[in-house]
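Report on the structure given below.
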């Protein structure tokens, strides 16, 4: 049993005895905008639900060798026909301290795990902004950041092939 425990501990380290860590040092609202250009008419009851378009983007920038600023940008626009009921934009950031991970794991950490940690807070801010704007709270569905990351990698590889051709 002791050998098995040692094997498991060794698998969780990066080879030099230090365990990899990902810590959230700070979270912040970088930009928040809520617009309801048709208010108060846009607040009246309607026969059909509005169309809601949601855009998501993730950016990461190094602050130092171990600290990174990750920004989750969310935009939600509700329309009926050609009328905009509301448009809410949020850039929610976090400063992360990341140590002990192999270099090949850094991009997935920055573009999958970090935004996954930020999302519940950003989701709450969007819900409160729409509720405070007079609409039912917009509760965003969970986002598959791994799928977004894989799609971005595939697009970048396709663009690189086009440039080479």
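The values are calculated or read from the model by the stated rules, or taken from the named source; none is laboratory data. These figures come from a predicted structure and were not determined experimentally. Virtual Cβ from ideal backbone geometry, glycine too; neighbours counted across all protein chains shown.
From 45, 78, 53, 49, which residue is surrounded by fewer than 19 Cβ atoms within 10 Å (Cβ to Cβ) and modelled with pLDDT of 95 or more?
53
Mind checking whether some residue in region 95-105 is buried (at least 16 other Cβ atoms within 10 Å of the Cβ) and on the phi > 0 side of the Ramachandran plot?
Yes: one or more hits.
Kindly check whether there is at least one residue in region 8-21 that is in contact with a strand residue (DSSP E or B) (Cβ under 8 Å, 6 or more places away or on another chain), in a loop (DSSP other than H, G, I, E, B), modelled with pLDDT of 85 or more and surrounded by fewer than 10 Cβ atoms within 10 Å (Cβ to Cβ).
No, every residue in region 8-21 fails to be in contact with a strand residue (DSSP E or B) (Cβ under 8 Å, 6 or more places away or on another chain), in a loop (DSSP other than H, G, I, E, B), modelled with pLDDT of 85 or more and surrounded by fewer than 10 Cβ atoms within 10 Å (Cβ to Cβ).
Any residue at all in region 120-141 that is closer than 18 Å to residue 62 by Cβ and modelled with pLDDT of 95 or more?
No; the residues of region 120-141 include none that is closer than 18 Å to residue 62 by Cβ and modelled with pLDDT of 95 or more.
Before we move on, is residue 59 loosely packed, with under 11 Cβ neighbours inside 10 Å, modelled with pLDDT of 95 or more and not in a helix (DSSP H, G or I)?
In short, no.
Please go through region 77-136 and pick out each residue that is over 30 Å from residue 23 (Cβ atoms), in a helix (DSSP H, G or I) and in contact with a helix residue (DSSP H, G or I) (Cβ under 6 Å, 6 or more places away or on another chain).
Those that are over 30 Å from residue 23 (Cβ atoms), in a helix (DSSP H, G or I) and in contact with a helix residue (DSSP H, G or I) (Cβ under 6 Å, 6 or more places away or on another chain): none in region 77-136.
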